[in-house]
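Just below is one structure, and these are the notes that go with it.
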Amino acid sequence: MLAYVARRLLYLIPVIFGVTILTFVLFNVVGGDPVYQKMGKHGSEAEIKILRHELGLDRPLPEQYLFYLKQCVTFNFGRSWATNQNITDMLTAGIGPSMSLSIPAFFITIVLSILLSILIVFFRNGLMDKLLQVFCIAGTCISVLVYVILGQYFFAYKWGMFPISGYDSGWDSRWQFLALPMIIWVAVSIGYEVLLYRSAILEEVFQDYVRTARAKGLTEKVVLLKHVLKNSLTPIITSIMMEVPLLITGALVLEAFFGIPGLGGMIYQAVANSDFPVIKAMTFIGSVLFVLANLASDLLVSLVDPRVEFN
Amino acid sequence: MSTGTTATVEQNQVSSAGVSLWSDAYRRFKKNKLGVVCFFIICGYVAIALLTWLGLLGADFSVNGPDSYAAPSSSHWFGTDIFGRDVFARGLHGTRIALSIGLATSFIAIPIGVTLGAIAGYFGGLVDDFIVWFYNVVESIPDILKIIALGYAMGRGISTVYISIGLTTWVSLCKLIRTEFMKHKRRDYVQSAMAIGASHKRRMFLHILPNVFHIILVNLSVRFITAIKMEVVLSYLGLGVEPGQPSWGIMIDDAKLEMARGVWWGLTCASIFMFFLILAFTLFNDALREALDPKLRNK
Amino acid sequence: MSSVVEVKNLVTSFKTQEGTFNAVDNVSFKVDAGKTLGIVGESGCGKSVTSLSIMGLIPMPPGKIESGEILFKGQNLLKLSQNEMRKIRGNKIGMIFQEPMTSLNPVFTIGNQIEEAIKLHQKELSSKQVREKAIDMLKLVGIPSPEKRIDDYPHQLSGGMRQRVMIAIALSCSPDLLIADEPTTALDVTIQAQILDLIKKLQRELNTAMILITHDLGVVAETCDDVAVMYAGKIVEYGTADQIFNRPLHPYTKGLLNSVPHFETGKRKTRLETIPGIVPSLANLPQGCRFFDRCTQSIEQCKVRQPELEKLEHNVACYNPVKQK
Amino acid sequence: MSTPFIEVKNLSKHFPIKGGFFSRQIASVKAVSDVSLKIQKGETLGLVGESGCGKSTLGRCIIRLIDVSAGQILLEGKDITQTKGEELRALRRKMQIIFQDPYSSLNPRMTVGKIIEEPLIIHKIGNSANDRRNRVKELIETVGLRKESIDRYPHEFSGGQRQRIGIARSLAVEPELIVCDEPVSALDVSIQAQVINLLMDLQQKLGLTYLFIAHDLKVVEHISNRVAVMYLGKVVELADADELYKNPRHPYTQALLSAIPVPKVGGHKMKRIILQGDVPSPVNPPSGCYFNPRCPIMSDECKTTDPILKNLGSNHEARCLKV
């Protein structure tokens, strides 16, 4: 098992290396002239030259890339152009709020979706099945921004059940600020997840081993909850793990809208101020998380499905 | 010498011409009422897009009217926006932008995804390893951040939206096509094509591609949904189409300020337009997938 | 001695795009304790649907048991509620399926899947006793070192071994009736010999009645006491194995027997006597006898009316049966 | 003895299994090990054995669908083991293959006419589209289907009819050898007989040579002149069909023959030899004679020495120390 994990980690290095190259190309080479972005149009010739030198943009590209690579490896991403803060500090400050929003919201969605999808499959071809399906599909047809705007307007502004925006880093006082974004997060993703898990479970319901289970005299409930569910966990886990990186960046709209100083909010600010170093740092971290999520999902799948060996 | 005695008796041989898989899929699709209705809804949207593009419908979308934020009335079904422009007309033009985004991104993403997936799946070996490494790298960077980077490179505008979404959303199709090519490469009908001396090119494009084409079709309709929803988020991030353009993304983005002032019709109009288009695409897509699924043949 | 299971005029239909068809059309047979009935026929003749109807495993929709009776030790299974039927399924009637590779749940150990059946129907046993019984069953079906293998997963076993586990599950509650739906079709011939030999031995020991469904005439000849030949949903001939194989009356049975290459008869490299044409699809069955299109000795009557099973030396549904030499 | 149409010398094929760091090879499936065979012109050589014995792999190596790991393939005396490109394509005309699964051996998106016409196009047979279409119609009738089938699609035919289309396709290039890879195993008994008769008629009419691969010894015995029995990648016995049935020498062949259920009740039947255990894995086969773990007449020497294919006279060969 450890050899397998070690091997997979070794395999990650070329991918992450590739990510740094692509990020560098996207931002430093393709990404327009950062100085122009930073200075705006009215910067004088001399000022631009000084700034270019200051930011080390006048050095040859390979050298710039090595500098960026060093930053990534040492997790020290230098200073933000907009606020001149040390980026690494900003990141560590941002992780707290982001995690406390997305992790609970994420797990509530998963638990609710799995329960709902089991319910739908159990009553398949019935009215409940049709109704829930229509409800989920309708849910996926509304943009996340509409959910956010309406959520804020009704729950916070009109009925005042939640604060309109803002955040308090106090360990127990933050939840009142995070409650509304969490509800919106669940509302946005539940439709898509339920449909996804429903098809994964339905895929298993028609397999031969289900007929064998029924031939033993088991009730339909046991057949579904024991035999079918455990087999459909594999596709479900893979799809959950694909969502993990969105935990950080996915909350972007929510954090920006509700003024929560998480990583998502940071990206929104960085985009507004074309703060290249912050965006590059976030890109690197987002992709490292994605790659680790893939590994974690393979390991989790191997716990559920004995056929996955570690040759 | 004809082995007449073993000539077979073919029943239900009504017409002499054969029923191809495509016509069989079409027959099955027609049976799915919901799918057909949604297909016509989509045609309706396409008609709106064409008419607005030719200026025959909602031509006054950019004409500044006298009273800004007028409530919905008989003259303005969805009222007017801050510049007094007719919201309903802008909604109609939003259809043109939404469909054009869906189409343009598909024209960019599908060829990339299919060619890379086909080459990786068919040839395997080092080529496959390189392409897998490449799409793992591209996939690892969250889509939003890739689009932001490309947005900077090309500046704000609809062509940027086309290219940035197009260049970032080809990975899922590439993976699908790769697995399909790997599966079909080993199938007997491709082995026998090899046995009669068919070249790699012929085997790839004459044998395997037609048999995986239904996946591309289904992927095409899914692409419209993701592209339309992505446009809204991009507008919010200030990376979407130019502010003046009548896109649903801009309308919804503007609504975040309007709602506080009780101006609900801008958001409602854009959301309703979007809701029915995405709903139509989703249901049409399910019906299409069922009709095209080779396993469910002449059921 | 009343028969363990008796099926009377069973009709099972399936709803499809082109309409509703009777996959099993008015089928009747019975099986006594310790005896084996072979149901033989080509693909699509309805033999598997018959077995699933007895077990009550027909998916409804699209399937439906239109009419008929299934008397299991005198009790009509079609009248039982779902709960009552579940007490019989897996307990009084065991079933083995064709595909050993997919019939076992890949994510549970074989021990778990055997114990499940025992725990369900023999609640009085403690969990230790259940595990012992499971190990005994594995020993009974000839799996080497059962104490170790009981915790293996299905993918760690070969096709033959998995079929043995299926048999262990089906016989774990020593049922009165065992239904085997093409148990050895997916196995190699030397493994098939092992499995058939095992099934015969266990049947003698447990005195179970058995229904063996297969398309392989050789397997039927060597394992079954009575034989029912099915064609397009109907039983066309029904009698003892000796009668069917040595004195076939129905042209279809005779045709089948002649189509099988015998290497003993020394008639190598000669043309086989074949049955022309293909099985009529249920969508448009001929009005008269369903074998009419492919029959070489059909007479006028065959075109008009469907022949019913009638008793000659043994039961056959044909107006112009094969003349015995 | 004229040179054999096809001669295989010490042919081996090992499929690498990847794993470990950077997926380098950690083991290999020894599908075919050191097989030597001759197939005369116009003859049918049967190749029989249970699943995993390498018979399909051997067949596909011979017509160069798969590259061999070791050994030589001689076509009419000429070594074709390494031929490539255009020369290999020209060779393809001489050797064709038909497959087991009627449902996956035909391209579902092409009409029957197009499927059969493709080999004509590739090898530039027939001087016009019309000429090719007539040839296709002729081929369709040769295999017992109606001309109208030309515009129909594979999914509109039954299993047996599709096998006939596969046969017509392989006849299009007027081959001399056809490798039949389990052509009737997936068919019902009555349809099987029709296809077997068709293959025998075609052999007589066109002077074809067959390598007939199957796991059903009844069918192989019926259609073959000579039969080779394979076990775990090796040929264990090779003899004329009658000789093999009347006087099987290798214990595995004896067990194989005795295990076949015969549709006869009462009367003379072979004493059944039931082999214990399962076929060992081809990844690490047993030492010495591969059959020793299951062999009823095994002795110690079988565990150590790997027997060679001994000639027992009247060109009957067996690979066993006890023979």
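Contact annotation: residue pairs with Cβ atoms under 7 Å, 6 or more positions apart or on different chains, pairing a residue in the stretch D:166-185 that is more than 14 Å from D:Met200 (Cα to Cα) with a partner that is acidic (Asp, Glu) and surrounded by fewer than 24 Cβ atoms within 10 Å (Cβ to Cβ), are D:Ser185/D:Asp216. Restricting the first member to the stretch B:154-175 and to residues that are within 12 Å of B:Val138 (Cα to Cα), and the second to residues that are among the acidic types (Asp, Glu), the beta-carbon pairs closer than 8 Å and six or more apart or on different chains are B:Thr168/B:Asp143; B:Thr169/B:Asp143; B:Val171/B:Glu139. Against the test of being out of contact with any His (no Cβ under 9 Å at 6 or more places or on another chain) and at positive phi, the options B:Gly113, B:Gly155, B:Gly166, B:Gly117 yield a single qualifying residue, B:Gly155. Looking only at residues that are of a type in the set (Asp, Glu) and in a loop (DSSP other than H, G, I, E, B) in the stretch B:46-97, which one is least open to solvent (accessible area, probe 1.4 Å)? So the residue we want is B:Asp81. Annotation note: of D:Ile308, D:Ile297, the sole residue that is open to solvent by 40 Å² or more (accessible area, probe 1.4 Å) and under 26 Å from the mean Cα position of the chain (by Cα) is D:Ile308.
Of the residues making up the stretch C:92-112, those that are more than 7 Å from chain A (Cβ to nearest Cβ), touching a residue at least 12 places away in the same chain (Cβ under 8 Å) and surrounded by fewer than 24 Cβ atoms within 10 Å (Cβ to Cβ) are C:Lys92, C:Gln98, C:Met101, C:Phe108, C:Thr109, C:Gly111. Summed over the stretch A:167-198, residues that are hydroxyl-bearing (Ser, Thr, Tyr) and open to solvent by 60 Å² or more (accessible area, probe 1.4 Å) total 2. Here the stretch C:172-181 is the region considered, the condition is being under 16 Å from the mean Cα position of the chain (by Cα) and open to solvent by 10 Å² or more (accessible area, probe 1.4 Å), and the residue that is nearest to C:Lys92 (Cα to Cα) is C:Asp176. Out of all the residues in the stretch B:101-115, is one or more in a helix (DSSP H, G or I), touching an Asp or Glu at 6+ places or on another chain (Cβ under 9 Å), modelled with pLDDT of 90 or more and open to solvent by 10 Å² or more (accessible area, probe 1.4 Å)? No, every residue in the stretch B:101-115 fails to be in a helix (DSSP H, G or I), touching an Asp or Glu at 6+ places or on another chain (Cβ under 9 Å), modelled with pLDDT of 90 or more and open to solvent by 10 Å² or more (accessible area, probe 1.4 Å). Put simply, of C:Val236, C:Val219 the only residue that is within 10 Å of chain D (Cβ to nearest Cβ), open to solvent by less than 40 Å² (accessible area, probe 1.4 Å) and of a type outside the set (Lys, Arg) is C:Val219.
For every residue, the table says whether it meets (1) touching a Ser or Thr at 6+ places or on another chain (Cβ under 9 Å); (2) farther than 21 Å from D:Lys94 by Cβ; (3) within 12 Å of chain C (Cβ to nearest Cβ).
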| position | (1), (2), (3) |
| --- | --- |
| D:Ala168 | yes, no, no |
| D:Glu174 | no, no, no |
| D:Glu182 | yes, yes, no |
| D:His215 | yes, yes, yes |
| D:Glu221 | no, yes, yes |
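Each residue in the stretch C:283-319 was checked for being within 28 Å of the chain's Cα centre (by Cα), surrounded by 13 or more Cβ atoms within 10 Å (Cβ to Cβ) and among the polar types (S, T, N, Q), and 2 pass. Give the stretch C:196-216 a look and list any residue that's in a helix (DSSP H, G or I) and either open to solvent by 20 Å² or more (accessible area, probe 1.4 Å) or more than 10 Å from chain D (Cβ to nearest Cβ) (or both), or say none. Listed by number, the residues that qualify are C:Asp197, C:Ile199, C:Lys200, C:Lys201, C:Leu202, C:Gln203, C:Arg204, C:Glu205, C:Leu206. D:Gln82 passes every criterion in (1) under 27 Å from B:Val19 (Cα atoms); (2) over 21 Å from the mean Cα position of the chain (by Cα); (3) open to solvent by 10 Å² or more (accessible area, probe 1.4 Å) apart from (1). Does the stretch C:12-19 contain any residue that is in a helix (DSSP H, G or I) and either open to solvent by 10 Å² or more (accessible area, probe 1.4 Å) or β-branched (Val, Ile, Thr) (or both)? So far as the stretch C:12-19 goes, no, none of its residues is in a helix (DSSP H, G or I) and either open to solvent by 10 Å² or more (accessible area, probe 1.4 Å) or β-branched (Val, Ile, Thr) (or both). Scanning the stretch D:259-278 for residues that are more than 8 Å from chain C (Cβ to nearest Cβ) and closer than 19 Å to D:Val220 by Cα turns up just one, D:Met270. There is at least one residue in the stretch D:61-71 that is open to solvent by less than 10 Å² (accessible area, probe 1.4 Å), touching a residue at least 60 places away in the same chain (Cβ under 8 Å), closer than 20 Å to D:Cys180 by Cβ and more than 8 Å from chain B (Cβ to nearest Cβ). Residues in the stretch A:193-222 that are within 17 Å of C:Ile58 (Cβ to Cβ) and in contact (Cβ under 8 Å) with a residue 24 or more places away in the chain: A:Val205, A:Glu220. Put simply, of C:Glu84, C:Glu69, C:Glu124 the only residue that is within 22 Å of C:Leu52 (Cβ to Cβ), away from chain A (no Cβ under 14 Å) and either part of a helix (DSSP H, G or I) or not aromatic (Phe, Trp, Tyr) (or both) is C:Glu69.
The values are calculated or read from the model by the stated rules, or taken from the named source; none is laboratory data. What you are looking at is a predicted structure, and each value in this text was computed from that prediction instead of being measured. As a convention, Cβ positions derive from the backbone with ideal geometry for all residues, glycine included, and neighbour counts pool all protein chains shown. All accessible areas refer to the heavy atoms of the entire protein, side chains included, with ligands and DNA or RNA removed. Shrake-Rupley method; radii C 1.70, N 1.55, O 1.52, S 1.80 Å.
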